[in-house]
C-alpha cells in the first residue's frame, strides 16, 4: 500500500471511531426532562366530573324496541376521561322501576375527552309489552335520570323523553352499553340539556 493509501485508511478509521463514540454518548445519555414529560403524557387524565359534562339525548331508532344515544360533552377547560357504564333510570319525580341493565356486548374502554369533545353510550328501551302487566305496572316516564360512569352520587342530568316503563322493580326494560368514543349522533341539531 502507498503512503497516501495508509493515510486515507487512517482518516476513514478515525472518522468511523468518532462517529461510533458520538452515537454511544447520545444513546447512553439519560434525558432528565423529556423522560418526565413522556411519563406525564402516558398518564390518563382524571375522570370527568358530572359538573364538567353536558349530557344530552340523541335521536331514537326503532328496531326490537328503541335505541337512543346518551351523549356526554366535556364542557370543562381540561381533558378528562370516562370509563364504564353510565347510571341510567326512568324518572317521574323519583326512580321508576329498576335501573338500566349493563349491556356487555361492547367491552368498556377508557375514553379521553378533550374540552368540547363528545362521547356516547347506547341506551336500549325494550318496552313493557314483554312483561306481565301485574309484574310490570306499566307507566309512561317523562324523563331519564343519567349520571356519567363513576358519578352515581353526583348531580345527575334529567333528560326529557316520554318512554314506556315498568313501575315495579325487577323487569329490565332499559339496558345501556359502556361509553364509547366519538359522538353517537354526528351532526345532531342540538342537545336536550340535563
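All of (1) farther than 16 Å from residue 151 by Cβ; (2) part of a loop (DSSP other than H, G, I, E, B); (3) touching a strand residue (DSSP E or B) at 6+ places or on another chain (Cβ under 9 Å) hold for residue 104 with one exception: (3).
Would you confirm, using the coordinates I've provided, whether residue 106 is surrounded by 12 or more Cβ atoms within 10 Å (Cβ to Cβ) and either modelled with pLDDT under 95 or in contact with a helix residue (DSSP H, G or I) (Cβ under 7 Å, 6 or more places away or on another chain) (or both)?
On the way: surrounded by 12 or more Cβ atoms within 10 Å (Cβ to Cβ): yes; either modelled with pLDDT under 95 or in contact with a helix residue (DSSP H, G or I) (Cβ under 7 Å, 6 or more places away or on another chain) (or both): yes.
Considered against the rule, which asks whether it is surrounded by 12 or more Cβ atoms within 10 Å (Cβ to Cβ) and either modelled with pLDDT under 95 or in contact with a helix residue (DSSP H, G or I) (Cβ under 7 Å, 6 or more places away or on another chain) (or both), residue 106 comes out as yes.
Residues of segment 74-96 that are touching a helix residue (DSSP H, G or I) at 6+ places or on another chain (Cβ under 8 Å) and surrounded by 21 or more Cβ atoms within 10 Å (Cβ to Cβ): 74, 80. Would you check if there is a residue in segment 124-132 being touching a strand residue (DSSP E or B) at 6+ places or on another chain (Cβ under 9 Å), in a strand (DSSP E or B) and surrounded by 15 or more Cβ atoms within 10 Å (Cβ to Cβ)? Within segment 124-132, one or more residues are touching a strand residue (DSSP E or B) at 6+ places or on another chain (Cβ under 9 Å), in a strand (DSSP E or B) and surrounded by 15 or more Cβ atoms within 10 Å (Cβ to Cβ). Kindly provide the set of residues from segment 152-171 that are assigned to a strand (DSSP E or B) and touching a residue at least 24 places away in the same chain (Cβ under 8 Å), ordered by number. Scanning segment 152-171 gives 157, 158, 159, 160, 161, 163, 164, 165, 166. Within segment 175-194, if we keep just the residues that are assigned to a loop (DSSP other than H, G, I, E, B) and within 13 Å of residue 121 (Cα to Cα), the residue that is modelled with the lowest pLDDT turns out to be 185. Among residues of segment 154-174 being surrounded by fewer than 21 Cβ atoms within 10 Å (Cβ to Cβ) and in contact with a strand residue (DSSP E or B) (Cβ under 7 Å, 6 or more places away or on another chain), the one that is modelled with the lowest pLDDT is 154.
The values are calculated or read from the model by the stated rules, or taken from the named source; none is laboratory data. Note that the coordinates shown come from a computational prediction; the quantities given were computed from them, not determined experimentally. Quick reminder, even Gly has a Cβ in these numbers, built from the backbone with ideal geometry, and neighbours come from all protein chains shown.
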